[in-house]
Every structure is written in C-alpha cells, then in structure tokens.
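J.: Pasting a structure here, questions to come.
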Amino acid sequence: MTGKKISCLAVDDEPPALLLMEKYINAVPTLQFAGKCRNAVDALTILQNEVIDLIFLDIQMPFILGTDFIRTLAKPPKVIFTTAFRKFAVEGFELDAVDYLLKPISFERFLKAVNKVMKLNLPVVENFPSDNLLKNEQENTFMFLRADRKNLKIQLNDILFIESLKDYVKVVTKEKTIVSKHSISTIAENLPEHSFLRIHRSFIVSLSKIESFTAGLIQVGKYELPVSRSYRHEVEKTIRSEGFGRGIV
C-alpha cells in the first residue's frame, strides 16, 4: 500500500446498516469515510464528484440492485458487497467483488475484508494525483485539490494559510479561496515542513507570508490567525530558527 488512506463510500437503504459501516470505517486508520447514501442514484452522484476507492454496497435496494448498479459503471471502484442474502454471492464475485459480507456483519469479518483490499495495492491518493503532489525545490511546487467537480492546481507559494472546516479545508491564496473535502491533517502531511507551520489545530500558515506576530496571533496580509497554547512552543522555535526574531513576546 502507498500509505494513503482508502476513500470509502457506504451504500445501503437501511440507516442502522449505514451507521454500522460508518463506525467500522472510522475505526480503521487506513480507511477514510467519504460518505453514505441510501440508494444507487445518490451513490452515482457522489461517484461523479468524488474520488472513491472502495464501496461497501448493499444489493437489495430501491430503484436498482447493487449488482446491477455496478454493471452500469464504466470504471467502478473496488466493491465489497454487504447483504443479508446468500443467493447473490456467486453473482457478486462474478463482478470481481473484493468480498461478500453477510449481515449481521461483525467487526472481525469487516477487518478480514479490508485486509483483502490492502493486498490489492490500490493507487489510492485521497483525491490527490499521486505523482503531482509536490515537486522539488528547484521547480514551482504545487498540489492538486478537488473542488467544483475538478482537480485544481495550487502553487504552494501562493498559499497564505489553510483553515480546517470540520470535514473540509479552506485554502486561502493570494488570488482566491478554495474549499475542498479533506482533513487539515492530510494536507499537513503533504506540505513541505520548511515552508509551512501548524499554529493551531485549525490553522496552517505559510512561513514566508508571516508579516508580524505575538504570543497569540500571527498576521498574514489582512488576516489575524490564532496561535493555540499547544502549538506555541513549536511556533516560537520555528520562527526563531527561520530568523524572524529571538522569540515571541
């Protein structure tokens, strides 16, 4: 595996089953819960707008069977079927399903199915093109973020700061603001440490864009960003090493 998380979608017409899949997915560090929906029509909308690596898919649902739904997709993600009926098992595996889970699904059985996915070496990238995340220092470094139904190329040197909005991040650049469905921790892992600094659980700032600072605030252009107590020591240490001054007062 690449070390990136596997983006997972849960599709089931039974709310308790969806909640269980969400709980199971969130309990596994290598999985990322991308959403849930109660029928294939809603699932299709998500697949058209998000990068999904794996679907946990019920079979008997309104409008269209899960097995028939997979047949409609030109390039379907990997699938783990979740159903209360054994009779669909053969058909499911004929569709190249990774696994076939019979309800009620135990966490142990869920993990066994996930382990099968791990062995497939999926090119999972958490919505980032894997070979274009960052370039070396001699080039214009950039990353891609998915927004407005497309992958947007963002020059790292243009970024002022990044703010967490729960399941989304807001990337503020010199010219525009981009909102994308990512965790701020995922973004932080893919930023060069020498150029960006985490100053708060909800904020990452570009070091080169810092104009002034105090113990509790950092000024970036017209924005005043909070420095939390838990990050204050690291912020002071980094700013001092970067030649911003002898310390924060």
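J.: Which numbered condition in (1) closer than 26 Å to Asn26 by Cβ; (2) crowded, with 19+ Cβ neighbours inside 10 Å is the only one that Val235 fails?
T.: Single failed check for Val235: (1).
J.: Looking at this structure, is Leu165 at pLDDT below 85 and under 16 Å from the mean Cα position of the chain (by Cα)? Lay out the reasoning, then the answer.
T.: Details: at pLDDT below 85: no; under 16 Å from the mean Cα position of the chain (by Cα): yes.
Criteria not met by Leu165.
J.: So, in the range 37-54, of the ones that are over 25 Å from Leu152 (Cα atoms) and in contact with a Phe, Trp or Tyr (Cβ under 9 Å, 6 or more places away or on another chain), which residue ends up least open to solvent (accessible area, probe 1.4 Å)?
T.: Going through the range 37-54, the residues over 25 Å from Leu152 (Cα atoms) turn out to be 37-41.
Now drop any that are not in contact with a Phe, Trp or Tyr (Cβ under 9 Å, 6 or more places away or on another chain), which leaves 39-41.
Values: Asn39: 22, Ala40: 2, Val41: 80 Å².
Residue satisfying both the conditions and the ranking: Ala40.
J.: Oh, and also: Which numbered condition trips up Ser208, out of (1) open to solvent by 70 Å² or more (accessible area, probe 1.4 Å); (2) out of contact with any strand residue (DSSP E or B) (no Cβ under 9 Å at 6 or more places or on another chain); (3) outside any helix (DSSP H, G or I)?
T.: Among (1) open to solvent by 70 Å² or more (accessible area, probe 1.4 Å); (2) out of contact with any strand residue (DSSP E or B) (no Cβ under 9 Å at 6 or more places or on another chain); (3) outside any helix (DSSP H, G or I), Ser208 violates only (3).
J.: Has the range 70-79 got at least one residue that is in a helix (DSSP H, G or I) and of a type in the set (Lys, Arg)? Reasoning before the result, please.
T.: Residues of the range 70-79 that are in a helix (DSSP H, G or I), as a first pass: 70-72.
Within this subset, residues satisfying the condition of being of a type in the set (Lys, Arg) are 71.
Yes, some residue in the range 70-79 is in a helix (DSSP H, G or I) and of a type in the set (Lys, Arg).
J.: If I ask for residues that are within 20 Å of Lys119 (Cβ to Cβ) and either β-branched (Val, Ile, Thr) or over 11 Å from the mean Cα position of the chain (by Cα) (or both), which ones from the range 28-39 would you list?
T.: Filtering the range 28-39 for residues within 20 Å of Lys119 (Cβ to Cβ) gives 28-32.
Residues satisfying the conditions are Val28, Pro29, Thr30.
The values are calculated or read from the model by the stated rules, or taken from the named source; none is laboratory data. In this text the structure is predicted, and so the values were computed from the model without any measurement. All Cβ positions, glycine included, derive from the backbone under ideal geometry; neighbour counts span all protein chains shown. Ligands, DNA and RNA are stripped out before the accessible areas are found, and what is left, the full protein with its side chains, is counted by its heavy atoms. Shrake-Rupley method; radii C 1.70, N 1.55, O 1.52, S 1.80 Å.
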